């Protein structure tokens, strides 16, 4: 959804939290900042403005720190940095990016709960429009809980509108609910509301608002975590009906700079202009080659599109394992990994007789950056992911025909040379799915969650990036598959929240 109107309409929608909760803190939600007055929701415009506000925390979630935690602490990449998350030095006392993510996700949950309750109470909006507008907020709430359960595992789950001190006090003492149960509740709710959303591609919806494919995608994602592959496959096939053949979507759709492309199912909206609205992240600064100060020279090569004003950080480094996954002619290789620019080789890949590491590729670069301001959208879900999920689910359900068809759409878009000619067997096909997800989706905030969901996170990282980056080798523990809840949150819950794995 485009953000140009969100900032302003939310000021109208919010009216923000009543003073009765000014002295109370719970789940670090900053509850005093949002409860809609009873007199709001008098028309559709007000309801939509409130839903706009439900998107706001996303730009504080999909940030560089989240990218590092989900992509640069996996088998595919690492970041040689003092950052806690990159070195696995997180703990309840020092929770790294987990603290902000917890706060922002529960802020989003709270906004959604209040908005859904307000829409439900309204007597002035037609019933069908109420269902459609509420479905958007319900889908956003599911997204926040999806991020929470994938990051922390079992988390507090509630759908109450925090409209009184009594409700606030009760919610502040909720302990961890099993993630499986939370996801089951969310799936059920999404299944009831999804048909109230537009049955269109996101790019075909005004302002790129959430449409039915996003809800189906969340149903499928959470069902796969719950190992309910039948429910996941049913939802994914509904997305397939809407998006059609992958070959119609060019690989340029995968570039972060290309916003709200037809292949996209959901993007978090960022924008930068020299004059005007600025909502930026610093993700791109972690994906660029080293730069000669005051020039547009990056690791020995002139890159005019990046300009002279960019100020990149230490770059995320692809692992030897990840580099090995690409055939030299795979067009995705030059998108995700950078050996050259405009035919000129960077210095690092040419080191050690041409065996040096490539940089991360132009998929993540932000043309015309000013210092560290990255105005690219952050891609969360797109259609290639759907097809690879179909392939995985069908394989689990012993349906090789569907599995082969789906994975070959993804392989075939890259090159017909990569299409599987025959089904290799169930475990071998699953191994191919895991590799293909790496080739296609690296950098889209999901690799760590895939490894955790497959039950291989610790072993996979230990065998790859831990052999290249000593901090990972020294600090990685099996419990790092999930983030700890901070000591502050545990204290505010009166001890009802715990970190049994972090001892």
Part of a loop (DSSP other than H, G, I, E, B) and surrounded by fewer than 23 Cβ atoms within 10 Å (Cβ to Cβ), is that true of residue 314?
-> yes
Quick check, is residue 42 surrounded by fewer than 21 Cβ atoms within 10 Å (Cβ to Cβ), in contact (Cβ under 8 Å) with a residue 60 or more places away in the chain and over 19 Å from the mean Cα position of the chain (by Cα)?
-> yes
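Hey, among the residues in the range 409-421 that are in contact (Cβ under 8 Å) with a residue 12 or more places away in the chain and part of a loop (DSSP other than H, G, I, E, B), which one's nearest to residue 393 (Cα to Cα)?
Residues of the range 409-421 in contact (Cβ under 8 Å) with a residue 12 or more places away in the chain: 409-415, 417-418, 420.
Remaining after also requiring part of a loop (DSSP other than H, G, I, E, B): 415, 420.
Details: 415: 23, 420: 17 Å.
The selected residue is 420.
Out of the helices (runs of 4 or more DSSP H) lying entirely within the range 54-126, which hold 3 or more residues that are within 30 Å of residue 159 (Cβ to Cβ) and within 14 Å of the chain's Cα centre (by Cα)? Spell out the reasoning first.
Numbers: elements: 58-61, 64-71, 84-87, 97-121.
By residue number, 58-61, 64-71, 97-121.
For residues that are outside any loop (DSSP other than H, G, I, E, B) and touching a residue at least 12 places away in the same chain (Cβ under 8 Å), scanning just the range 322-332, find the one that is nearest to the chain's Cα centre (by Cα).
Residues of the range 322-332 that are outside any loop (DSSP other than H, G, I, E, B), as a first pass: 322-324.
Applying the additional criterion that residues be touching a residue at least 12 places away in the same chain (Cβ under 8 Å) yields 322-323.
Numbers: 322: 20, 323: 23 Å.
Here the answer is 322.
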Among the numbered criteria (1) surrounded by fewer than 19 Cβ atoms within 10 Å (Cβ to Cβ); (2) touching a helix residue (DSSP H, G or I) at 6+ places or on another chain (Cβ under 8 Å), which single criterion is violated by residue 286?
-> (1)
Single residue of the range 262-283 satisfying the filter (touching a helix residue (DSSP H, G or I) at 6+ places or on another chain (Cβ under 7 Å) and surrounded by fewer than 19 Cβ atoms within 10 Å (Cβ to Cβ)) that is modelled with the lowest pLDDT | 279
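Going by the structure shown, is residue 492 surrounded by 14 or more Cβ atoms within 10 Å (Cβ to Cβ), more than 25 Å from residue 228 (Cβ to Cβ) and at pLDDT below 95? Please lay out each step first, then the result.
Working: surrounded by 14 or more Cβ atoms within 10 Å (Cβ to Cβ): yes; more than 25 Å from residue 228 (Cβ to Cβ): yes; at pLDDT below 95: yes.
Considered against the rule, which asks whether it is surrounded by 14 or more Cβ atoms within 10 Å (Cβ to Cβ), more than 25 Å from residue 228 (Cβ to Cβ) and at pLDDT below 95, residue 492 comes out as yes.
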Here are 341, 329, 298: which of them is surrounded by fewer than 20 Cβ atoms within 10 Å (Cβ to Cβ) and more than 24 Å from residue 210 (Cβ to Cβ)?
-> 329
Condition broken by residue 319, with the remaining ones in (1) surrounded by fewer than 18 Cβ atoms within 10 Å (Cβ to Cβ); (2) under 25 Å from the mean Cα position of the chain (by Cα) satisfied = (1)
Residue 204 is checked against (1) farther than 30 Å from residue 480 by Cα; (2) in contact with a helix residue (DSSP H, G or I) (Cβ under 7 Å, 6 or more places away or on another chain) and fails just one. What number does that condition carry?
-> (2)
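The values are calculated or read from the model by the stated rules, or taken from the named source; none is laboratory data. Fair warning: this is a prediction, and the values are worked out from it, not measured in the lab. Reconstructed Cβ throughout: ideal geometry from the backbone, glycine too, with neighbour counts over all protein chains shown.
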